[in-house]
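K.L.:
There's a structure below that I have some questions on.
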Amino acid sequence: MLSLTTGLAPLVLAGLLGWTGAVKVFSRSTVLQAPKTALARMVSSSERAALVLRGVGAGELLIAAGLLAVPANPVPGAAAAVLGAGFLGYLGYGRALAPESSCGCSAHEDSPITWRAFARAAVVLVGGVAAAVAHGSWWSTVSGRPAGSLGFLAAAAVVVIALSADLDRWWLLPLRRTRLRVFGHPLSGAGPGDRVPVAASVELLENSLAWQAASPVVRSGLLDHWDEDGWRVLLFSGVYETAEQARPVSVVFALDATSSRDTPGDPVVRVSFLDADSGDPVGAELLSAVPSRKALPLAG
């Protein structure tokens, strides 16, 4: 396996660097993406960032050509290893300087710097070291072990694709859409009468008129929840303020346990404000502003 890795490392690395280099050099998106990169912050100029990206792309193409043409020569592999180490340093500094910016690793990648960018740079570093110590050519490895080479190259392609955020639109997004079509939205019930996840009920509540009317009293996130007689009861804490005092209260909402944002019509939401100590109803004037109001019991 080690001989297969070192023998095919130049070919895999040449494919990766050839792709990213060609995109940086020849794609019109390089100029458009440059202002969004951490590099633009480092050099204080979008124009200079675009020039640097194209220069790096040209270097990647040169190294890729060397890995393909003279794989037994350690120089292209060593150059790739140095490039990978430089990428790691750049990514670390860019992540600290502008965590919301992209790395500019390719002209189409505009997502913030994540672990995938670091992992891909590490692949370049490790692949460069493996290519530098390779003794034979990649074509002799392919001809000598065709089945193993095909499996290794397929696995390497999967790893590279998984570590490239700009390729997500070709495989990850369609996969997510298929999952939603097959299994449904995670915040929706599977069918009529199915109870939805609690997160779906909270989302529905926070977009309701009842929540808008009662939210000035609410002072916490969801504290507790339970289902009772087809209702989903959601408990929050709050403070009911009057001219004389501020009383801690429990704010209790109830809505249909099967309702989600895909359910037609506005949800029916019931609300109660209960004294936190005695459990007595309070805030009648506030309840009058709530679209649906009916006293709700706390769980015993």
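K.L.:
Counting Lys +1, Arg +1, Asp -1, Glu -1, what net charge surrounds Leu234 among other residues with beta carbon under 13 Å of its beta carbon? Before the final figure, lay out the partial values.
P.N.:
Details: positive: Arg232, Arg270; negative: Glu203, Glu206, Asp224, Asp227, Glu228, Asp256.
Surrounding charge for Leu234 is -4.
K.L.:
To the nearest 10 degrees, how steep is helix 168-183 against the longest Cα principal axis of the chain, on a 0 to 90 scale?
P.N.:
40
K.L.:
Something else: Counting Lys and Arg as +1 and Asp and Glu as -1, what is the net charge of the other residues whose Cβ lies under 15 Å from the Cβ of Gly84? Don't jump to the answer; show the numbers that get you there.
P.N.:
Numbers: positive: Arg116, Arg120; negative: Glu60.
Around Gly84, the charge tally is +1.
K.L.:
With θ taken as phi - 60° and the coefficients 6.51, -1.76 and 1.60, list the Karplus ³J(HN,Hα) couplings across region 117-134 in order, rounded to whole Hz; mark glycine and proline as x.
P.N.:
5, 5, 5, 5, 5, 5, 4, 5, 5, 5, x, x, 4, 5, 5, 5, 9, 5
K.L.:
Between Glu241 and Ala65, what length in nm is gained on full extension when 0.36 nm per residue of separation is reduced by their alpha carbon distance? Intermediate values should be presented prior to the final figure.
P.N.:
Numbers: separation 176, 0.36 × 176 = 63.36 nm, distance 7.33 nm.
Fully extending the segment from Glu241 to Ala65 adds 56.0 nm.
K.L.:
May I ask for the angle, rounded to the nearest 10°, between helix 146-162 and the longest principal axis of the chain, with both axes built from Cα atoms and the value confined to 0 to 90°?
P.N.:
40
K.L.:
Please compute the alpha carbon radius of gyration of the chain, then divide it by the globular-protein estimate 2.2 N^0.38 Å. Two decimals is fine. Write down the numbers at each step before the final one.
P.N.:
Working: Rg = 29.4 Å, N = 300, 2.2 N^0.38 = 19.2 Å.
That works out to 1.53 for the chain.
K.L.:
Report the extension gain between Ala96 and Ala199 in nm, rounded to one decimal, defined as 0.36 nm multiplied by the number of residues separating them, less their alpha carbon distance.
P.N.:
On the way: separation 103, 0.36 × 103 = 37.08 nm, distance 3.31 nm.
That pair, Ala96 and Ala199, stretches by 33.8 nm at full extension.
K.L.:
Given contacts defined as C-alpha pairs under 8 Å and at least six residues apart, what's the relative contact order of region 55-164, whole-number percent? Intermediate results must be reported in sequence, preceding the final value.
P.N.:
Numbers: 113 pairs, mean separation 35.5, N = 110.
32 percent.
K.L.:
Continuing with the same structure: What's the local net charge at Ala40, with K and R +1, D and E -1, over the other residues with C-beta under 10 Å away?
P.N.:
That works out to +2.
K.L.:
Right, next: Given Cα pairs under 8 Å that are at least 6 residues apart, what percent is the relative contact order of the chain? Walk me through the numbers on the way to the answer.
P.N.:
Details: 493 pairs, mean separation 42.7, N = 300.
14 percent.
Bear in mind that the values in this text are calculations on the coordinates, not laboratory data. Everything numeric here is computed off the predicted structure, so don't read it as measured data. Don't worry about glycine lacking a Cβ; one is built from the backbone with ideal geometry, like all the others, and counts go over all protein chains shown.
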